[in-house]
Amino acid sequence: MNKHTTLSLDDHSAEFIEQQIDGGNFASASEVVAAGLKLLEKRQAYVEAVRAALIEGEESGEPQPFDLQEFLAEMHLEHAK
């Protein structure tokens, strides 16, 4: 379902939309705005995922020592089978 909304744009934004239409990237201002909103939604989802991962990491406790050489040796043995 489409909803008609009126937006007020600054000169820069209006010019950018016109450039996108004139350049053949989009057929209408609505398409430009929809594409921008889709990118914003993806960005917000990414930011939320990063925040959740940070919280999970903080709540997982103190970091444990990590020996890269030992890890690589274990992986080599495991995958050599």
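If I go through region 26-81 residue by residue, how many of them are outside any helix (DSSP H, G or I) and under 26 Å from residue 16 (Cα atoms)? Show your work before the answer.
Looking only at region 26-81, we keep the residues that are outside any helix (DSSP H, G or I), and these are 26-28, 60-67, 81.
From the residues that got through so far, the ones that are under 26 Å from residue 16 (Cα atoms) too are 26-28.
Residues in region 26-81 being outside any helix (DSSP H, G or I) and under 26 Å from residue 16 (Cα atoms): 3 in total.
Only residues that are of a type in the set (Phe, Trp, Tyr) and over 14 Å from the mean Cα position of the chain (by Cα) were counted across region 20-59, and they come to 1.
Annotation note: of 31, 74, 56, the sole residue that is exposed (fewer than 10 other Cβ atoms within 10 Å of the Cβ) and of a type in the set (D, E, K, R) is 56.
Check whether at least one residue in region 34-51 is of a type in the set (D, E, K, R) and over 30 Å from residue 6 (Cα atoms), and report yes or no.
Within region 34-51, the subset of a type in the set (D, E, K, R) is 38, 41-43, 48, 51.
Those still in the list that are over 30 Å from residue 6 (Cα atoms) too: 51.
Yes: one or more hits.
Considering the conditions (1) assigned to a helix (DSSP H, G or I); (2) polar (S, T, N, Q); (3) at pLDDT below 95, residue 2 is excluded by exactly one of them, (1).
The values are calculated or read from the model by the stated rules, or taken from the named source; none is laboratory data. Note that the coordinates shown come from a computational prediction; the quantities given were computed from them, not determined experimentally. Ideal geometry is used to build each Cβ from the backbone, glycine not excepted, and the neighbour counts take in all protein chains shown.
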